[in-house]
Amino acid sequence: MIIDCHCHAGRGDGLTGPWDTAAPLKKYLRWAAEAGIGRTAIFAAFHSDYAVANREVARIVASRPNRFYGLAFVHAARDRGRIGEMVKVAVEQYGFVGIKVHRYDARLSREICDAARAFSVPVLYDPIGEVSIVELIATEYPDVAFIIPHMGSFSDDWRAQHSLIDYLVRHPNIYTDTSGVRRFELLEQAVQRAGARKILFGSDGPWLHPGLELEKVRLLGLSPVDEQLVLAGNFLRLISRRSQPPAALPRAQAVSAELRPLQAEYRDPWSSGYFAA
């Protein structure tokens, strides 16, 4: 079995680039089938209302439940005060298996981590190179699994990716995925130092070719047992702990309208100059 743990799906509403416009799966599914990828974890493209976007992803998952897993995309600032309910709907009604968060929207929050803890689901959080937060979330939420994609940076930030390896080694609840990692030697170091149990195969489809991303895992030369962990076993282990939440989840105060990001402020989330702008 091969499971791609990282793929966008559905339509965004930003129209500033592929990331917030559309993530069509037709070509991705053909590529994945040719590569032997049997299942895929999908989540929304960037969107101004993730409740709407998650519903679309839920329809896609429901259309092929033996092909897709779903993750609930949430915005730490804009969705503040309703994240617990959003995750509850996603897990209980849609059958989703995890939470997706992106620093491009806002930094990861306690509200999100509390929801992940309550439902025993992993969090896929892209920090866009701000990997120092990993130390905090790893120690504050040792019972929550965090998957840090791209080894911490899609934009080829060697310092961030190298630092993430140390966190993988030291913290049992920190994981990474292989999607978009350009420097192959860093993947080798991650496996050698942290072990295959800390690495998940991901493609960042549909914009990256899943067959190309899969070949990087093949080239690591892992044992059959370790390769299967990376390709499917680790993901299945992390989503196997889902549970029913307590009657009441922690709630945060609603964020004021002036703090909500505007569509006009959207930029390329993977630009190396994003934080300098």
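The values are calculated or read from the model by the stated rules, or taken from the named source; none is laboratory data. As the structure is a prediction and not an experimental result, all values here were calculated from the model. As a convention, Cβ positions derive from the backbone with ideal geometry for all residues, glycine included, and neighbour counts pool all protein chains shown. Only protein heavy atoms, including side chains, enter the accessible area calculation; ligands, DNA and RNA are left aside. Shrake-Rupley method; radii C 1.70, N 1.55, O 1.52, S 1.80 Å.
In table form, for the structure just shown:
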read-out: Total formal charge among the other residues, if their Cβ is under 14 angstrom from that of ASN234, Lys/Arg +1 and Asp/Glu -1; value: +1
read-out: THR16-ARG241 FRET efficiency (beta carbon distance; Förster radius 45 Å; 0.05 resolution); value: 0.75
read-out: Segment 1-110 - percent relative contact order, Cα under 8 Å, separation 6 or more; value: 23 percent
read-out: Distance between modelled label sites at ARG107 and GLU188, nm, 7 Å Cα→Cβ extension; value: 3.6 nm
read-out: Net charge contributed by nearby residues that have their C-beta within less than 13 Å of ALA33 (K/R +1, D/E -1); value: +4
read-out: Residue-normalised accessible area of segment 43-103, given per residue in Å² at a 1.4 Å probe; value: 33 Å²
read-out: Simple label model, 7 Å out from Cα along Cβ direction - THR139 to ARG59, nm; value: 4.6 nm
read-out: Listed residues GLU188, GLU140 arranged by accessible area, highest first, probe 1.4 Å; value: GLU140, GLU188
read-out: Label point distance in nm, SER223-ARG159, each placed 7 Å from Cα along Cα→Cβ; value: 3.8 nm
read-out: Debye-sum result for segment 186-243 in log10 I(q)/I(0), which assumes one identical scatterer on each alpha carbon, at q = 0.12, 0.14, 0.20 Å⁻¹; value: -0.29, -0.40, -0.76
read-out: Where PHE154, PHE146 fall by accessible area, highest first, once all protein chains stay in place (1.4 Å); value: PHE154, PHE146
read-out: Which of SER63, SER223, SER109, SER153 is most accessible, then next, and so on - probe 1.4 Å; value: SER63, SER223, SER109, SER153
read-out: Those lysines that a straight Cα-Cα span of less than 24 Å connects to LYS216, excepting residues fewer than 8 apart in one chain; value: LYS26, LYS27, LYS100, LYS198
read-out: Square roots of 5 times each gyration tensor eigenvalue, C-alpha, the chain, largest first, Å; value: 26, 21, 20
read-out: More than 27 Å apart - percent of Cα-Cα pairs taken over segment 49-194; value: 22 percent
read-out: Per residue Cα convex hull volume in Å³ - calculated over segment 16-130; value: 114 Å³
read-out: About the Cα centre, charge dipole magnitude for the chain (Lys/Arg +1, Asp/Glu -1 at Cβ), debye; value: 640 debye
